[in-house]
Amino acid sequence: MANNFNITLPEVKEIASRGVKDQPFIGGHRLCAGCNAGTIVRQVLTAAQSDEYQIVVVNATGCLEVATSIYPYTSWNVPWVHVAFENAAAVASGIEAAYRALWRKGRLNKKFRFIVFGGDGGTYDIGFQALSGALERGHQLLYVLYDNEAYMNTGIQRSSSTPLGANTTTSPAGSVIPGKPQMKKRIVDIVAFHRIPYVAQAIPGQPFDLMKKVRKALSYDGPTFMAIYSSCTRGHRFPPEKSVEVGKKAWETYYWPLFEIEQGQWRITMKPPKKLPIEEWLKMEGRFAHLLKPGNEHIVKMLQEAVDEYWDYLVRMEEMTKEKGLWTWVPPLTRQKI
Amino acid sequence: MGKKIAMETNQLAAFAMAQIDPDVVAAYPITPSTEVVQEFSKYVANGEVTTEFVPVESEHSAISACLGAATAGARVMTATASQGLALMNEILHIASSSRAPISVVVASRALSGPINIHGDHMDISSIRDAGWIIMVAEDAQEAYDNIIQSIPIAERARFPIITSYDGFITSHAVEVAEVLEKEEVQKFIGPKKPDYSVFEDKLTIGVLALQDSYIEFKRKQAEDYDKVVDIVKQVGKEYGDLTGRYYDTIEKYMTDDAEVIMVVMGSTAGTAKVVVDQMRAEGHKVGLLKIRLFRPVPKDDIISVLRTADAVMVMDRAFTYGGIGGPLFEEISAAMNDLPCRPYMANYIYGLGGRDIKPSHIRQVFEDGLKAVKGCGFDQQIKWITVRE
Ligand SMILES: Cc1ncc(C[n+]2csc(CCOP(=O)(O)OP(=O)(O)O)c2C)c(N)n1
Ligand code: SF4
Ligand SMILES: [Mg+2]
């Protein structure tokens, strides 16, 4: 299925001039100053706004959810549903199924797109099964992972997204064990190999790249996924004003490359001007402070090797799939056109 | 008069679901309710329903998808049992507080461990405090009738509902039942008029309610839940006007002049009625109170029947660890506190994991009651029967 979606983004000036009433996500929430989760939501929803369809957001339990929906207030100027921690993809599946049923029965004539926001805990770990199920069934949903690499809402516990050596409250840097003993799980590849039409990685520090990817994802009537690096001042330990810079550094060190996989075709979307050594990023964050002390050089080396290895993989995949993607997205046979 | 058909109860349940033609069914198989899902997916595959069928990867996702669909204003159903219901537990509570009128068919089964696939009431008992309406059927006919009634009950009450029947004993039994035409069902349940939908308004659903608001949410939910009893009665009456089969929260059998009344739920009621008939013929004043509405407890209805009895024998196909009795006994015993003079009361735990209960067991319980002291006073002991000593 060719994707003929025309990607045009609104002008920055136009976005800036929008009144509060026209903004899908409004301020006044309780996210920490400098939290990138809110920035990500703003960018995603701004890109998602369209005359063609309306948006329904489903949110997994986590920092973003608790900080934006404290009764009787809400930051959500779009329909928003939160049920629990591990089931956001399943909840979205149900809403999407209802959409198709009501459309078919003539009880609804507005078009919708579905966007899920989940943290790394709600995506890599406890919500992994529900996510995999939803991807396999082929529902239309853009699943946005805001990856702050730990369970922040409950106080910075390690997840399978936490990088090797990072200091969290359940992988504390002790005198014997130097932070998290395991490597980070590669969620993007695992998700992509569900043979879904579109998967991408982004950072809020490159908003146009991020927003273009959102538009592309939403052009598919199927499951799509974006992993977005989400700097967390509390959990990563850096001053709030540095959050965008820290995220950019993750990109510039090639730790968080910007790429997309469209129907099995890998493409690096933005290459940093110069590759920085991993220490340039590590040194900005308190969670890695112990790694830069004498005796832990081997862990830094392992992190660097993992970065190089993954980049090498990406380049090879890009080269290999240049002419032809590894798969074609096959929507369910029952998919009706809406 | 409707037409009569003979089917396994599970097939009949799927047939009832197809007549309801829900907007969304998200389901996962588990013995003994698997067939409901299988049969229903045939209706889908053959284009006999307009339902969007979501074959999810777990019961947790089944109920999550059902709840999602309900927030979108869809009429939603699923089927499960035992471990499946247990896996749903977390979301059951959220569904009731979301006031989502989801209808779930449960073929009641024992809970692991040890693993056992046969019928008892531990699964529905384990979720009795989840804020769901729980109805238990005696046989295939009542199972069918309850499933049809579940839609108006849930949608008027704005609470989710479980209609259960006993695993294997009922679920896999072929019985003759009288059914409605699909058009009659559609007319009875009416078109879905959702209270709210994410497709209509910019709603924020599933908020964080802190110390300053949580308890108000819960009190409102508790108050509205108390109104369910009257809604069940009203729908049962309307259904009776349509079918001739009138339903209440309870069913009385020979209780008016009974000295000993047995309280029972589910398929055992059928066996017990036979024993009542036999013992009546022998001149014993025994009767039966069948509980149809397990949650909320129809307290006034129960007391109105039991108040004149000398002995009340409560039969539980479930138990509580370290409680004062089985789930039914606890409620009934507490309800009876309102009486100035309590009859003799005893609790019998029986039939766990599908263990057979025979007429001889039931007769023994009645005989215990007939021997019991008359007047005020009761026996809080818990006796296990149908068990090898
Ligand atoms: C079933 C269940 N287990 C545990 C929790 C507690 N809990 C709430 S949020 C959370 C961590 C969220 O982590 P993540 O998904 O990474 O989001 P973040 O808070 O980091 O943004 C946990 C463990 C829960 N709400 N539900
Ligand atoms: S703890 Fe981190 S993720 Fe949570 S609100 Fe604060 S900055 Fe954001
Ligand atoms: Mg996190």
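Where a number appears in this text, it was derived from the coordinates with a stated rule and is not lab data. Because the structure is predicted, anything quoted here is derived from the model rather than measured. Here the Cβ positions follow ideal geometry from the backbone for every residue, glycine too, while neighbour counts run over all protein chains shown.
Assess whether residue A:16 counts as being among the aliphatic types (A, V, I, L, M), away from ligand 1 (no atom under 16 Å from the Cβ) and more than 8 Å from every other protein chain (Cβ to nearest Cβ). Before you say what the answer is, go through the steps one by one.
Values: among the aliphatic types (A, V, I, L, M): yes; away from ligand 1 (no atom under 16 Å from the Cβ): yes; more than 8 Å from every other protein chain (Cβ to nearest Cβ): yes.
Spelling it out, residue A:16 is indeed among the aliphatic types (A, V, I, L, M), away from ligand 1 (no atom under 16 Å from the Cβ) and more than 8 Å from every other protein chain (Cβ to nearest Cβ).
Of (1) more than 20 Å from residue A:91 (Cα to Cα); (2) loosely packed, with under 12 Cβ neighbours inside 10 Å, residue B:201 satisfies all except one. Which?
(1)
Are any of the residues in the range B:82-91 in contact (Cβ under 8 Å) with a residue 12 or more places away in the chain, aliphatic (A, V, I, L, M) and farther than 28 Å from residue A:140 by Cα? Reasoning before the result, please.
The initial filter retains those residues of the range B:82-91 that are in contact (Cβ under 8 Å) with a residue 12 or more places away in the chain, namely B:82-91.
Those still in the list that are aliphatic (A, V, I, L, M) too: B:85-88, B:91.
Checking which are farther than 28 Å from residue A:140 by Cα leaves us with B:86.
There is at least one residue in the range B:82-91 that is in contact (Cβ under 8 Å) with a residue 12 or more places away in the chain, aliphatic (A, V, I, L, M) and farther than 28 Å from residue A:140 by Cα.
Only one of (1) touching an Asp or Glu at 6+ places or on another chain (Cβ under 7 Å); (2) under 16 Å from residue B:268 (Cα atoms); (3) surrounded by fewer than 24 Cβ atoms within 10 Å (Cβ to Cβ) is not met by residue B:140, so which one is it?
All conditions pass for residue B:140, except number (3).
Name every residue in the range A:85-141 that is more than 16 Å from ligand 1 (Cβ to nearest atom), over 20 Å from residue A:195 (Cβ atoms) and in a helix (DSSP H, G or I), in order of residue number.
Across the range A:85-141, the qualifying residues are A:94, A:95, A:97, A:98, A:99, A:100, A:101, A:102, A:103, A:104.
For the structure I just gave you, tell me whether residue B:196 is under 13 Å from residue B:101 (Cα atoms), within 13 Å of chain A (Cβ to nearest Cβ) and touching a residue at least 60 places away in the same chain (Cβ under 8 Å).
yes
Which of (1) within 8 Å of chain B (Cβ to nearest Cβ); (2) surrounded by fewer than 24 Cβ atoms within 10 Å (Cβ to Cβ); (3) in contact (Cβ under 8 Å) with a residue 12 or more places away in the chain is the odd one out, the single condition residue A:75 does not satisfy?
(1)
Please enumerate the residues belonging to the range B:356-373 that are touching a Lys or Arg at 6+ places or on another chain (Cβ under 9 Å) and either within 16 Å of residue B:302 (Cβ to Cβ) or not acidic (Asp, Glu) (or both).
Passing the criteria: B:357, B:365, B:370.
State all residues of the range A:221-236 that are more than 8 Å from ligand 2 (Cβ to nearest atom) and charged (D, E, K, R); if no residue qualifies, say none.
Within the range A:221-236, just A:221 meets the criteria.
Could you list, ordered by first residue, the pairs with Cβ atoms under 7 Å in which the first is in the range A:98-126 and farther than 20 Å from residue A:42 by Cβ and more than 12 Å from chain B (Cβ to nearest Cβ) and the second is of a type in the set (S, T, N, Q) and within 16 Å of ligand 3 (Cβ to nearest atom), at least 6 apart or interchain?
Taking only residues 6 or more apart or on different chains, the pairs are A:121/A:159; A:124/A:159; A:124/A:160; A:124/A:161; A:125/A:159; A:125/A:160.
Restricting to the range B:48-84, and then to whatever is hydroxyl-bearing (Ser, Thr, Tyr) and over 22 Å from the mean Cα position of the chain (by Cα), can you tell me which residue is nearest to the other protein chains (Cβ to nearest Cβ)? Show your work before the answer.
Initial filter on the range B:48-84 (hydroxyl-bearing (Ser, Thr, Tyr)): B:50-51, B:58, B:61, B:64, B:71, B:78, B:80, B:82.
Subsequent filtering for residues that are over 22 Å from the mean Cα position of the chain (by Cα) retains B:50-51, B:58, B:61, B:71.
On the way: B:50: 6, B:51: 7, B:58: 6, B:61: 4, B:71: 5 Å.
That would be B:61.
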